[in-house]
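The values are calculated or read from the model by the stated rules, or taken from the named source; none is laboratory data. Bear in mind that the values here come from a model prediction, so they are computed numbers and not experimental data. A quick note on method: Cβ atoms are made from the backbone with ideal geometry, for glycine too, and the neighbour counts reach across all protein chains shown.
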Amino acid sequence: MSFRTRLRPELLNDAAAAFAWYQEKSEGLGYEFFRAFFAAVARVKRNPALFRKAYSDFRRVLLRRFQYCLYYRIENETIIFFLLFHSARNPTNLRRELRQRKRND
(Lines give C-alpha, C1' and ligand atoms only; values in the text may rest on other atoms or scores of the structure.)
Protein backbone atom coordinates (compact mmCIF):
# COMPACT_ATOMS: atom_id res chain seq x y z
CA MET A 1 0.00 0.00 0.00
CA SER A 2 1.25 3.44 -0.87
CA PHE A 3 0.62 6.17 1.67
CA ARG A 4 0.26 9.87 1.06
CA THR A 5 1.90 12.20 3.54
CA ARG A 6 0.75 15.49 4.97
CA LEU A 7 2.97 17.79 7.02
CA ARG A 8 0.89 20.11 9.15
CA PRO A 9 1.89 23.81 9.10
CA GLU A 10 2.58 23.76 12.84
CA LEU A 11 5.01 20.89 12.31
CA LEU A 12 6.84 22.88 9.65
CA ASN A 13 7.11 25.75 12.15
CA ASP A 14 8.58 23.32 14.71
CA ALA A 15 11.15 22.14 12.17
CA ALA A 16 12.05 25.69 11.11
CA ALA A 17 12.62 26.72 14.74
CA ALA A 18 14.85 23.70 15.37
CA PHE A 19 16.74 24.36 12.14
CA ALA A 20 17.41 27.96 13.17
CA TRP A 21 18.58 26.91 16.64
CA TYR A 22 21.02 24.30 15.30
CA GLN A 23 22.22 26.58 12.52
CA GLU A 24 23.00 29.28 15.11
CA LYS A 25 25.02 26.79 17.17
CA SER A 26 27.14 25.62 14.27
CA GLU A 27 27.07 26.58 10.59
CA GLY A 28 25.64 23.67 8.60
CA LEU A 29 24.21 21.81 11.60
CA GLY A 30 20.72 23.04 10.75
CA TYR A 31 20.99 21.36 7.35
CA GLU A 32 22.07 18.12 9.03
CA PHE A 33 18.99 18.43 11.23
CA PHE A 34 16.77 18.84 8.16
CA ARG A 35 18.34 15.74 6.59
CA ALA A 36 17.56 13.74 9.75
CA PHE A 37 14.03 15.17 9.82
CA PHE A 38 13.22 14.25 6.21
CA ALA A 39 14.92 10.85 6.61
CA ALA A 40 12.54 10.14 9.53
CA VAL A 41 9.57 11.16 7.37
CA ALA A 42 10.79 8.78 4.64
CA ARG A 43 11.23 5.91 7.15
CA VAL A 44 7.66 6.39 8.33
CA LYS A 45 6.33 6.55 4.78
CA ARG A 46 7.97 3.22 3.90
CA ASN A 47 6.34 1.43 6.84
CA PRO A 48 4.11 3.64 9.03
CA ALA A 49 2.82 0.81 11.24
CA LEU A 50 6.37 -0.15 12.23
CA PHE A 51 6.57 2.55 14.88
CA ARG A 52 4.69 2.06 18.11
CA LYS A 53 1.88 4.19 19.42
CA ALA A 54 3.22 6.65 21.97
CA TYR A 55 0.12 8.56 23.01
CA SER A 56 -3.48 7.82 22.10
CA ASP A 57 -3.43 7.07 18.36
CA PHE A 58 -0.21 9.01 17.73
CA ARG A 59 2.88 7.11 16.72
CA ARG A 60 6.44 8.29 17.27
CA VAL A 61 9.67 8.04 15.34
CA LEU A 62 12.99 9.25 16.74
CA LEU A 63 15.25 11.42 14.64
CA ARG A 64 18.72 9.99 14.29
CA ARG A 65 21.49 12.02 15.94
CA PHE A 66 19.09 14.67 17.26
CA GLN A 67 16.97 14.49 20.41
CA TYR A 68 13.69 15.03 18.64
CA CYS A 69 10.64 12.85 18.18
CA LEU A 70 8.25 13.16 15.27
CA TYR A 71 4.59 12.36 16.04
CA TYR A 72 2.12 11.25 13.39
CA ARG A 73 -1.19 9.49 12.85
CA ILE A 74 -2.34 7.13 10.14
CA GLU A 75 -5.73 8.06 8.72
CA ASN A 76 -6.98 5.82 5.91
CA GLU A 77 -4.18 6.01 3.33
CA THR A 78 -2.64 9.23 4.65
CA ILE A 79 0.13 9.75 7.18
CA ILE A 80 -0.37 13.06 8.95
CA PHE A 81 2.67 14.47 10.75
CA PHE A 82 1.59 16.65 13.67
CA LEU A 83 4.46 17.52 15.99
CA LEU A 84 8.22 17.69 16.29
CA PHE A 85 9.08 17.57 19.97
CA HIS A 86 12.42 17.73 21.79
CA SER A 87 12.71 14.67 24.01
CA ALA A 88 14.02 16.63 27.01
CA ARG A 89 10.84 18.71 27.25
CA ASN A 90 8.10 18.01 29.76
CA PRO A 91 5.83 15.14 28.58
CA THR A 92 2.81 17.03 29.91
CA ASN A 93 3.47 19.68 27.27
CA LEU A 94 3.67 16.93 24.66
CA ARG A 95 0.23 15.55 25.48
CA ARG A 96 -1.31 19.01 25.62
CA GLU A 97 0.21 20.00 22.27
CA LEU A 98 -0.91 16.77 20.57
CA ARG A 99 -4.47 17.16 21.86
CA GLN A 100 -4.59 20.76 20.67
CA ARG A 101 -3.21 19.96 17.23
CA LYS A 102 -5.57 17.02 16.86
CA ARG A 103 -8.54 19.29 17.62
CA ASN A 104 -7.36 21.77 14.98
CA ASP A 105 -7.01 19.10 12.31
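Residues that are out of contact with any Lys or Arg (no Cβ under 8 Å at 6 or more places or on another chain), closer than 22 Å to Asp105 by Cα and not β-branched (Val, Ile, Thr): does region 19-28 have at least one?
no
Right, Ser56: at positive phi and among the polar types (S, T, N, Q) or not?
Taking the combined requirement at face value, the residue satisfies it.
Could you identify the single residue in Ala49, Ala18 that is in contact (Cβ under 8 Å) with a residue 12 or more places away in the chain, in a helix (DSSP H, G or I) and touching a helix residue (DSSP H, G or I) at 6+ places or on another chain (Cβ under 8 Å)?
Checking each option against the conditions leaves just Ala18.
Search region 23-46 for residues being of a type outside the set (A, V, I, L, M) and in contact (Cβ under 8 Å) with a residue 40 or more places away in the chain, and hand back the single one that is farthest from Tyr72 (Cα to Cα).
Taking the candidates together, the pick is Phe37.
Out of region 55-70, which residues are out of contact with any Cys (no Cβ under 8 Å at 6 or more places or on another chain) and closer than 20 Å to Trp21 by Cα?
Hits for region 55-70 are Arg64, Arg65, Phe66, Gln67, Tyr68, Cys69, Leu70.
Starting from region 65-93, keep only residues that are at positive phi and surrounded by 11 or more Cβ atoms within 10 Å (Cβ to Cβ), then list their pairs with residues that are at pLDDT 95 or above and assigned to a strand (DSSP E or B) whose Cβ atoms are within a distance under 8 Å, requiring at least 6 positions of separation or different chains.
Once the first residue is at positive phi and surrounded by 11 or more Cβ atoms within 10 Å (Cβ to Cβ) and sits in region 65-93, no partner that is at pLDDT 95 or above and assigned to a strand (DSSP E or B) comes close enough.
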